[in-house]
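The values are calculated or read from the model by the stated rules, or taken from the named source; none is laboratory data. Note that the structure is predicted; figures quoted are calculated from it, not measured. Note: ideal-geometry Cβ built from the backbone for every residue, glycine included; neighbour counts use all protein chains shown. With ligands, DNA and RNA removed, areas are computed over all heavy atoms of the protein, side chains included. Shrake-Rupley method; radii C 1.70, N 1.55, O 1.52, S 1.80 Å.
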Amino acid sequence: MSAGEGDLGLACCHLLVDELVRAGMSDACISPGSRSTALALALARHPGVRLHVHLDERSSAYAALGMARLQERPVAVVCTSGTAAAAWLPAAVEARLSQLPLVLLSADRPPELRDTGANQAIDQQRLFGAHVRWFADTGVPEARPGAARYWRSLGSRAAAAALGPPAGPVHLNVPLREPLVPGGRAVDLGPEAAGRPGGEPWERVSAPPRQPAEADVAALAAEIAATERGLVVAGALGGGGAGAIGALAEAAGWPLLAEPASGLRTGPPALSAGPLPLAGAGFRAGHVPDLVLQVGGVPTSRASLATVAGARRTVVVAPDELHPDPARGASWTLRGDPATLAAAVLPRLGGARRSAWTRAWQEADAAARAAADACLDAWAEPSEPRAARDLAAALPDGAVLLAGSSMPIRDLDAFMAPRSGLRVVANRGASGIDGLVSTALGSAAVVRPAYALIGDLALLHDAGALLWGARRGLDLVLVVVNNDGGGIFALLGQGALPQAEAEALFATPHGLDLGAVAAAAGAGYRRLVDPAGLGEAVAAAGSEGGVQIVEVPTDRRRNVEHHAEVAARVAAALGERPSG
Ligand SMILES: Cc1ncc(C[n+]2csc(CCOP(=O)(O)OP(=O)(O)O)c2C)c(N)n1
Ligand SMILES: [Mg+2]
């Protein structure tokens, strides 16, 4: 018997997968389905691929995103046709904005079954619209001359497009004909099926040089040297090598306002209390920077955003495709890698400059830090600010902490003390509260144990991932701040609405017992009682292995009081009147 469609599909998908592996891919995520049989088997049978199987496609794509962020390599995601592929959209959106290399491989019906009402057939052409960097419909696998180089070329181009720079998601739609299951017959796609010798990719794609232009380096250096009242603002940054930005701030003699996910809040010149001194109008009004140099993602806190928006001049360093400038105040956007640019500017600056400007920032920062710490330490019950501070301080060197959207990322920004050895990551591209358990599980597939700080609604939003993923050999400590709903809304305008509306429409309390949720999933569980005990609880959870939930019970109304108290104590320490 000759080879059937299933054998042909497998042979061609193998070439695709092999090229992804040659481009550095080591991990792939798949969800079950019939149409994707050839893709699933090609991944499962490739010795270079570690496979992760997930029931829920949304969760699967978010897990892949968590892996891609830490590996900085392409991660493939495979699923069947129909709504399965559509469920990848949220992760594709996040990957595009966070510039993470996902290779989305959707199986599809062959052309003759499209638009016929055939089962599980939807229009998958450009399914992710502008949210992917590249789309191709591969066409149905065929044993024709040139087939081998076609499938290899597709794979290496997909990887190259995903890696960029800028990195991002790509989508290959792969229509497959029945019979879908291979019959074990050999398929001869010719000598090129073996690929380039020595494991080389079919096509090496070189990115253009990323060195900043000499004229830009000189102009920026001159501007920095001429400005005493400057500020470096660092939002979320990928990868390592950001150290040159700290050195640049030091040489400029400017304070560095560094978010945890910038990787730069490691000690001076980074401010220790993040945006806290800027939250009241007083210090901010008296310390308007003449020049802000903003690197990485958009600042998270309102205070940092207002500081950037109020600067007399703003220079933004941003990778291609992104415009991290919601205030539209940037007068100069420099494309490229901030660390590379900083390293190029550094030699042009003199030794560290000391000035009254920097001293004022440092003094305000130290006063704010002390005032905030005194508040946090005094509260007799577990609190959200303290949980963020203590968790960041307690994690071992080399740890990765996923900061959840909503209050966790904000509390870390306000309260995490500077330290080295901790990598804080976040899905800040689109700031969804979805997919966070999955993203954390994806991190845990790369580093063990991984850690996450998320809200209770974020946990419940992605509870399916917990049910599926808690007993699959991954080590993850999920610290869940349980304030029985969305605590952030009480700190935003919705808190002032009539209480019934504020509760039912925004806070959305659930009343669930997280211990029972953990038990249903087979995850470990502990609940914080002593406000000073989080470090110990997390260490105990980590040493137990597996997926562990550490619940931090808090109260939404009390949390508003906590934040108000910190604001008042910081304002008093800075000699300001509280902003109310
Ligand atoms: C997918 C998605 N849906 C809705 C929102 C809007 N949203 C922002 S914060 C929030 C509440 C989150 O609650 P929780 O995770 O418990 O964190 P908390 O606010 O209590 O810190 C919601 C619903 C969002 N960001 N993403
Ligand atoms: Mg909550």
Exercise for the section: Apply 1/(1 + (r/R0)^6) to the Cβ-Cβ distance of A215 and R126, taking R0 = 45 Å, and write down the FRET efficiency to the nearest 0.05. Expected result: 0.70
Handout entry: Debye, to nearest 20: dipole size of the chain, +1 on Lys, Arg Cβ, -1 on Asp, Glu Cβ
Key = 1000
Practice task
Please express the shape of the stretch 464-580 as an equivalent ellipsoid: the semi-axes are the square roots of 5 times the eigenvalues of the C-alpha gyration tensor, given largest first in whole angstrom.
Solution key: 32, 20, 10
Practice task
Diagonalise the Cα gyration tensor of the chain and give the resulting equivalent ellipsoid semi-axes, square root of 5 times each eigenvalue, largest first, whole Å.
Solution key: 44, 30, 19
Exercise for the section: Kindly rank 242-248, 508-514 from highest to lowest mean number of other beta carbons found within 10 Å of each residue. Expected result: 242-248, 508-514
Fill in the blank from the handout: When the charge dipole of the chain is computed with +1 at the Cβ of Lys and Arg and -1 at the Cβ of Asp and Glu, the Cα pointing farthest to the positive end, of P408, V295, G263, is that of V295
Fill in the blank from the handout: One checks the Cα atoms of the stretch 436-485 and finds Rg and Dmax, in Å, of 10.3, 31
Problem - Rounded FRET efficiency, nearest 0.05, which uses the C-beta distance separating E561 from T508 and R0 of 25 Å - result: 0.75
Handout entry: For the stretch 539-546, Karplus couplings with θ = phi - 60° (6.51, -1.76, 1.60), whole Hz, Gly/Pro x
Key = 5, 5, 4, x, 6, 6, x, x
Exercise for the section: Sticking with the crude label model, points 7 Å out along Cα→Cβ, report the distance from D137 to W332 in nm, one decimal please. Expected result: 4.7
Completion exercise
Rounded to the nearest Å, the spacing of the alpha-carbon centers of the stretch 215-245 and the stretch 339-367 is 10
Completion exercise
Within the under-10-Å Cβ sphere about G296, not counting G296, Lys/Arg +1 and Asp/Glu -1 give a net charge of 0
Problem - By average C-beta atoms within 10 angstrom, highest first, the peptides 555-566, 384-395, 361-372, 489-500 - result: 384-395, 361-372, 555-566, 489-500
Exercise for the section: Could you sort 181-191, 525-535 so that the peptide with the highest average Cβ count within 10 Å comes first and the rest follow in order? Expected result: 525-535, 181-191
Practice task
Count the net charge of all other residues whose Cβ sits under 9 Å from the Cβ of P509, scoring Lys and Arg as +1 and Asp and Glu as -1.
Solution key: -1
Completion exercise
Taking only the Cα positions of the stretch 172-226, the convex hull volume per residue in Å³ is 202
Problem - Backbone N under 20 Å from the A374 label point (7 Å along Cα→Cβ), restricted to the stretch 536-580 - result: 561-580
Exercise for the section: Kindly report the accessible area of the chain per residue (heavy atoms of protein chains, probe 1.4 Å, no ligands, DNA or RNA), in Å². Expected result: 39
Completion exercise
A student asked for the Cα radius of gyration and Dmax of the stretch 1-150 in angstrom ought to give 14.8, 49
Completion exercise
Given the candidates P169, V205, L180, the one whose Cα lies deepest towards the positive end of the charge dipole of the stretch 152-222, counting +1 at each Lys or Arg C-beta and -1 at each Asp or Glu C-beta, is L180
Exercise for the section: Rounding to the nearest 20 debye, state how big the charge dipole of the stretch 423-580 is about its Cα centre with +1 on each Lys and Arg Cβ and -1 on each Asp and Glu Cβ. Expected result: 380
Fill in the blank from the handout: For A450, other-chain or 5+-apart residues with amide H closer than 5 Å (H placed, Pro excluded) are D475, L476, V477
Fill in the blank from the handout: Charge tally for neighbours of Q124 with beta carbon under 9 Å away, counting Lys, Arg as +1 and Asp, Glu as -1, is 0
Completion exercise
Rounded to a whole %, the carbon-and-sulfur portion of the accessible area of the chain at a 1.4 Å probe is 55
